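Please read the structure below before turning to the comments.
The values are calculated or read from the model by the stated rules, or taken from the named source; none is laboratory data. This structure is a prediction, so every number in the text was calculated from the model and none was measured. Cβ coordinates were reconstructed from backbone atoms using ideal geometry, including for glycine residues, and neighbour counts include every protein chain displayed.
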């Protein structure tokens, strides 16, 4: 049940992103005869026209002769925009990874609450579910875990105008349609040869990105991500298959940066965060006393945390019916 809920949320987010892209693409006013933008409307004026000019900057000289051409221009502009937004994306992923690694580190302490929550759901015990959820939220808060802090919408909101402009610029910039890029007409749909090469490349880049992320996850989390490993690249392949080669080329170039971003997160950021979390919790042990009574000493010791079975220094009693309670107090 929990896995399905998480999967639905991810699918809704991906679907919403693509829907917004297509919606704003549809807001471009088109000439019914030529099938090209009329040049009117706020979407075209604010987003597409400036981005088209940016593409032209690398594609043609002032006299109209080709410089790098439209194929390389789309690639260069996409890389510039993606790399410009990379620090923002990395910062958001840093926050998300920090919360994920903290949660993974403290999982032995949260396990009893999660088990009670699971059993309450199986038994349809609403009161038990609410009590377990509140316990879990308190335990996370006491130990500095706030998953909501890592789900910022600002990076996505800031990126959308650039990506929407790039998508439409690659689709509607004058001169792209009919331009030959290594045997591919950038204005033709990618469902024919040799445009299918771009479709495959787009799928491969996004598959590599999800694979790197998948392999960096702990075993218990991989089960939740297996479906997304297939869905994310598959959606890119489907949209590329239906798009002009110029748009698919944009997705290929963007996919290259996405792979780079995931490698930075997986091989640079995540190991440093793990070392930082390990050091912080060893210097300042988690607030185990605030966690439920059924957290076992062995679970804490196995994780390298404070031994719950050790008597409190201030406690004079080492036995009796209240000894267990005294051991759990600070």
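Of all residues in the stretch 237-251, count the ones that are part of a helix (DSSP H, G or I) and surrounded by fewer than 24 Cβ atoms within 10 Å (Cβ to Cβ).
5
Restricting to the stretch 105-137, count the residues that are assigned to a helix (DSSP H, G or I) and surrounded by 15 or more Cβ atoms within 10 Å (Cβ to Cβ).
Residues flagged as assigned to a helix (DSSP H, G or I) and surrounded by 15 or more Cβ atoms within 10 Å (Cβ to Cβ) within the stretch 105-137 amount to 16.
Within the stretch 57-83, how many residues are surrounded by fewer than 19 Cβ atoms within 10 Å (Cβ to Cβ) and at negative phi?
15
If residue 68 meets every condition in (1) in contact with a helix residue (DSSP H, G or I) (Cβ under 6 Å, 6 or more places away or on another chain); (2) in contact (Cβ under 8 Å) with a residue 12 or more places away in the chain; (3) within 26 Å of residue 202 (Cβ to Cβ) apart from one, which number is that one?
Here residue 68 clears every test but (2).
Residues are listed down the side, and each one gets a yes or a no for (1) surrounded by fewer than 18 Cβ atoms within 10 Å (Cβ to Cβ); (2) modelled with pLDDT under 80; (3) assigned to a strand (DSSP E or B); (4) touching a strand residue (DSSP E or B) at 6+ places or on another chain (Cβ under 8 Å):
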position	(1), (2), (3), (4)
149	yes, yes, no, no
178	yes, no, no, yes
201	no, no, no, no
208	yes, no, no, no
224	yes, yes, no, no
234	yes, no, no, no
262	no, no, no, no
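Can you find even one residue in the stretch 34-56 that is more than 30 Å from residue 218 (Cβ to Cβ), in a loop (DSSP other than H, G, I, E, B) and touching a residue at least 60 places away in the same chain (Cβ under 8 Å)?
Yes, the stretch 34-56 contains a residue that is more than 30 Å from residue 218 (Cβ to Cβ), in a loop (DSSP other than H, G, I, E, B) and touching a residue at least 60 places away in the same chain (Cβ under 8 Å).
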